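Following: one structure in C-alpha cells, then a few remarks.
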Ligand code: ARG
C-alpha cells in the first residue's frame, strides 16, 4: 500500500503536470515532507516556491492552481495554501485509521519489499590481521551490520564481506620475528602460544624499526611468502587463525555475521588488473611505479595525484587489491550495489578507486559503488579515544566494560525497587543492554560527525539512548501482562479521539517512509531519531490516555496503538541490530 507521503507526492506530480502543461514533468526528489509543526498540518510541500520563480509567477498563485488540480476524493482534507506559497496537507482521520489497521496486520509494518531485488555487497568491519582491531573498526562493524540488515529486510541478496587486511607487509615482519624468537614453531616440535598477537606485533615492529638486518630479512620473507613458500604460507595461515579467533569474540558479542574474504583472496587477480589497465592505456610509468591518473585528483602541492597500482619493487598495494575486489564483485558476484563502510579518512582512496574502475569500464551502467564514511570516536575529553594510561582501548575490554556498567545500573535499580531476579537473568539483561547501548550510541549520531564515547550517556534511561527505547517497549509489554491481553490476537478497529492518540498514530504511519529514506541516504540516525520520537509520543499518549481502564471502543483502539508501537519499535531496533527485552 502506498504511504500517505507517497500518495501525496504522486497527486502533486499529476497536478503540476496539468498546471505546467507538461505531461512528462518529473521532480528530482520528494515533493512533500512531514510538516515541521503540527499547526502546519501533517505534510507540507514547498514545490510552488521552487517552480514559480523561473515561470515568472507568484508562488501563492501557482500553489493555488496546483491545489485546484488535486483529486477531490483524496485521503486528506482540502489542502491549504499558507505563507509565501506552501501547500499544507492534513490527513483524514479515517485514512489514518485504515493505515494503522494495515500496519497492524502486516508483519513488515507497512514497509514494501523491493520491487526488484538486487545483489548488494556490504564491505564492512575489515580489521587488519595481527594488528589491533580499533574503535574505527567497531564503528564500521556496527554501521555496516545495520545497513546489511536494512537491505536484507528490503528483500535484497546481501553479501556481508569482511575485507580483512591479511596480506600486508606486516607478515614478513611477524614471521621473521617468529623465526628468531620461536624457531621451534617452524620445526613443528612444540606448540607455540603467541598469547596476545598484538603484543607480539608490537615487539616485532620495534625490532623492525631498530635493526636494519632484521628489516632486510622481513622484506625477503614477504617476497618468499608471496611466491608461495609452503613453510611461510603455513606460518601465515596460523597467524591469520589466531587473529580470526580474536575478532570472532567481538562479532559474537555484537551478534554480527560476516563472511571473511580478505585481501589475500584477490592476490591471484592483481597482475591481471594491472595488465588490463596497461592494455587500456590507463596505466603510466611514473618514477618507476605504475600509476593511473584521473582528472580531479590533486596532491596538496597542486600536482596531479596518481593512484599507484604497482610499486617500483613490483609489489602491489591497497588500491590494487581494491580494484581487483571491485572488478571481482561486479563480474563474479554480480553485485549491483557495493557499499564500503570505512572512516572518512579513506574517502579520497575510494573516490580514486571508483574513478579508475569507471574509466576501465568495470562499473557497468546501473551498478553503484558507494563509500559510506564515518567520523572519529572521541574520548570525553574531546581527544582521540584512549584508556586512562593513554593506550588504545581493546574492543573486547570496551564491550565488557559497557556490560559491567549496565549490570551495575541494573543491580542498583533492582535493589531500589526491591526486585529479586536470578543472577543469570541479570547477566543476560546486562549483556543485552550494554551491547545495545554501545551500538545505539554510535548509530544515533549522524555518522559523518565525530562522536564522544561516554558510558554514562549511552546507558542513561533518559534521552536518545538504547535503554530509553527498550524501556518504552517493555512498558507496552507491561500493559499486555497487566491486562491479560494477547496482542497477537488483537483485531482492533481504531477510533482516534484524543490529540496524543492522533500524534502517535501519524508518527506510526510514517515508519515505511523513514525506512525508504534510510535506504537512500544510508543514515541510520534517521531511524534512531524516528524511534526516539516514537517512544516519546507513546509515553505522552500513555500519560494522557487510560488504556486498560478505558471504555470500549477506546480500549481496543488504544491497545492497538500500544501494540503497533511495540511492533515498530521491535522491528526498527532489529534493523539497528538491537534485540528487545520483554522486561527490564
Ligand atoms: N582494512 C582496512 C582498514 O583497516 C579497511 C578495509 C576497507 N575495505 C576495503 N575494501 N578497502 O582500514
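The values are calculated or read from the model by the stated rules, or taken from the named source; none is laboratory data. These figures come from a predicted structure and were not determined experimentally. Quick reminder, even Gly has a Cβ in these numbers, built from the backbone with ideal geometry, and neighbours come from all protein chains shown.
Could you check how many residues of the range 321-345 are surrounded by 17 or more Cβ atoms within 10 Å (Cβ to Cβ), within 11 Å of the ligand (Cβ to nearest atom) and without any contact (Cβ under 8 Å) to a residue 60 or more places away in the chain?
4
Does residue 204 satisfy the condition of being within 30 Å of residue 340 (Cβ to Cβ) and modelled with pLDDT of 90 or more? Outline the logic, then answer.
Numbers: within 30 Å of residue 340 (Cβ to Cβ): yes; modelled with pLDDT of 90 or more: yes.
Answer is yes for this residue.
Give me the pairs: first residue in the range 1-15 and touching a residue at least 60 places away in the same chain (Cβ under 8 Å), second residue part of a helix (DSSP H, G or I), beta-carbon distance under 6 Å, and six or more apart or on different chains, which are they?
Sorted first by the residue in the range 1-15, then by its partner, the pairs are 1/102; 3/512; 3/513; 5/513.
Determine if the range 360-371 includes at least one residue that is buried (at least 19 other Cβ atoms within 10 Å of the Cβ), within 22 Å of residue 132 (Cβ to Cβ) and within 19 Å of the chain's Cα centre (by Cα).
No.
Give 551, 499 a once-over and let me know the one that is surrounded by fewer than 17 Cβ atoms within 10 Å (Cβ to Cβ) and touching a helix residue (DSSP H, G or I) at 6+ places or on another chain (Cβ under 9 Å). Steps first, please.
On the way: 551 fails: touching a helix residue (DSSP H, G or I) at 6+ places or on another chain (Cβ under 9 Å).
Of the residues listed, the single one that is surrounded by fewer than 17 Cβ atoms within 10 Å (Cβ to Cβ) and touching a helix residue (DSSP H, G or I) at 6+ places or on another chain (Cβ under 9 Å) is 499.
Among the candidates 380, 391, single out the residue that is touching a strand residue (DSSP E or B) at 6+ places or on another chain (Cβ under 7 Å), assigned to a loop (DSSP other than H, G, I, E, B), away from the ligand (no atom under 12 Å from the Cβ) and over 30 Å from residue 304 (Cβ atoms). Steps first, answer last, please.
On the way: 391 fails: touching a strand residue (DSSP E or B) at 6+ places or on another chain (Cβ under 7 Å).
So the residue among 380, 391 that is touching a strand residue (DSSP E or B) at 6+ places or on another chain (Cβ under 7 Å), assigned to a loop (DSSP other than H, G, I, E, B), away from the ligand (no atom under 12 Å from the Cβ) and over 30 Å from residue 304 (Cβ atoms) is 380.
Residue by residue through the range 132-172, note down the ones that are within 16 Å of the ligand (Cβ to nearest atom), in a helix (DSSP H, G or I) and farther than 28 Å from residue 571 by Cβ.
Of everything in the range 132-172, those that are within 16 Å of the ligand (Cβ to nearest atom), in a helix (DSSP H, G or I) and farther than 28 Å from residue 571 by Cβ turn out to be 135, 136, 170, 171.
Among the candidates 266, 251, single out the residue that is assigned to a helix (DSSP H, G or I) and within 20 Å of the chain's Cα centre (by Cα).
Just a single option satisfies the conditions, and that option is 251.
May I ask you to verify whether residue 219 is at pLDDT below 90 and assigned to a helix (DSSP H, G or I)? I'd like the intermediate steps shown before the answer.
Details: at pLDDT below 90: yes; assigned to a helix (DSSP H, G or I): yes.
Yes: the conditions hold for residue 219.
This table checks each residue for (1) over 21 Å from the mean Cα position of the chain (by Cα); (2) under 30 Å from residue 203 (Cβ atoms); (3) free of Cβ contacts under 8 Å to residues at least 24 places away in the same chain.
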| residue | (1), (2), (3) |
| --- | --- |
| 122 | no, no, no |
| 127 | no, yes, no |
| 139 | no, yes, no |
| 145 | no, no, no |
| 157 | no, no, no |
| 160 | no, no, no |
| 164 | no, yes, no |
| 172 | yes, yes, no |
| 177 | yes, yes, no |
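If we scan the range 287-298, do we find a residue that is assigned to a loop (DSSP other than H, G, I, E, B), within 16 Å of the ligand (Cβ to nearest atom) and surrounded by fewer than 17 Cβ atoms within 10 Å (Cβ to Cβ)? Write out each step before concluding.
First, pick out the residues of the range 287-298 that are assigned to a loop (DSSP other than H, G, I, E, B): 287-288.
Right, trim to within 16 Å of the ligand (Cβ to nearest atom) and you get none.
Within the range 287-298, not a single residue is assigned to a loop (DSSP other than H, G, I, E, B), within 16 Å of the ligand (Cβ to nearest atom) and surrounded by fewer than 17 Cβ atoms within 10 Å (Cβ to Cβ).
If I filter the range 355-366 for residues that are in contact with a strand residue (DSSP E or B) (Cβ under 7 Å, 6 or more places away or on another chain), away from the ligand (no atom under 15 Å from the Cβ) and in a strand (DSSP E or B), do I get at least one hit?
Looking for residues that are in contact with a strand residue (DSSP E or B) (Cβ under 7 Å, 6 or more places away or on another chain), away from the ligand (no atom under 15 Å from the Cβ) and in a strand (DSSP E or B), one finds none in the range 355-366, hence no.
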